[in-house]
Structure formats: structure tokens, C-alpha cells
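Taken together, the values in this text are just the output of simple stated rules run on the coordinates, not laboratory data. Since the structure is predicted, the reported quantities are computational estimates derived from the model, not experimental observations. Neighbour counts run over all protein chains shown; Cβ positions are idealised from the backbone, glycine included.
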Amino acid sequence: MIDIKTLRKSRGYTQKELAAKLGIKQQQYARYESGTTKISVSMLEKILDICQYKMKIVKK
């Protein structure tokens, strides 16, 4: 599980800064972090890319 709040903070971004990079409002981004709104795979990929995080997919 990826904690996007911890990831964002580790990169020094505020919610507003990261939301601007994503092209969304800060309120929408806050809903992703709080779990109120589910994140699409494409949005998660954008967040990971901006935060320079590489995800490895492991097949079972």
C-alpha cells in the first residue's frame, strides 16, 4: 500500500503544490489523501511520477 501523504511530504510538496502539478484543485487532492475519493490508476501513476517514485509490480 502506498501512503501518498507520506510520499508527498517526503518530497517537500504541499497539497496545493502537488494538486497544481496534477492539474486538479487542492480539495480534490485532499480527498485522495483522506480516502474519501478513490484514486484512479492513471492519477496514482501521475502522483508517483511527480514524486519520482518507482513502483515495482510483483506477480504472484
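Across the range 1-46, the number of residues qualifying as under 28 Å from residue 58 (Cα atoms) and either β-branched (Val, Ile, Thr) or in a loop (DSSP other than H, G, I, E, B) (or both) comes to 13. Only residues that are among the aliphatic types (A, V, I, L, M) and surrounded by 16 or more Cβ atoms within 10 Å (Cβ to Cβ) were counted in the range 1-21, giving 4. Selection within the range 35-60: residues that are hydroxyl-bearing (Ser, Thr, Tyr) and touching a Lys or Arg at 6+ places or on another chain (Cβ under 9 Å). The member of this set that is nearest to residue 2 (Cα to Cα) is 53. Scanning the range 37-60 for residues that are within 19 Å of residue 14 (Cβ to Cβ) and surrounded by fewer than 10 Cβ atoms within 10 Å (Cβ to Cβ) yields a single hit, 52. Residues that are touching a residue at least 12 places away in the same chain (Cβ under 8 Å) and not aliphatic (A, V, I, L, M) within the range 27-47 comprise 29, 32, 33, 46, listed in sequence order.
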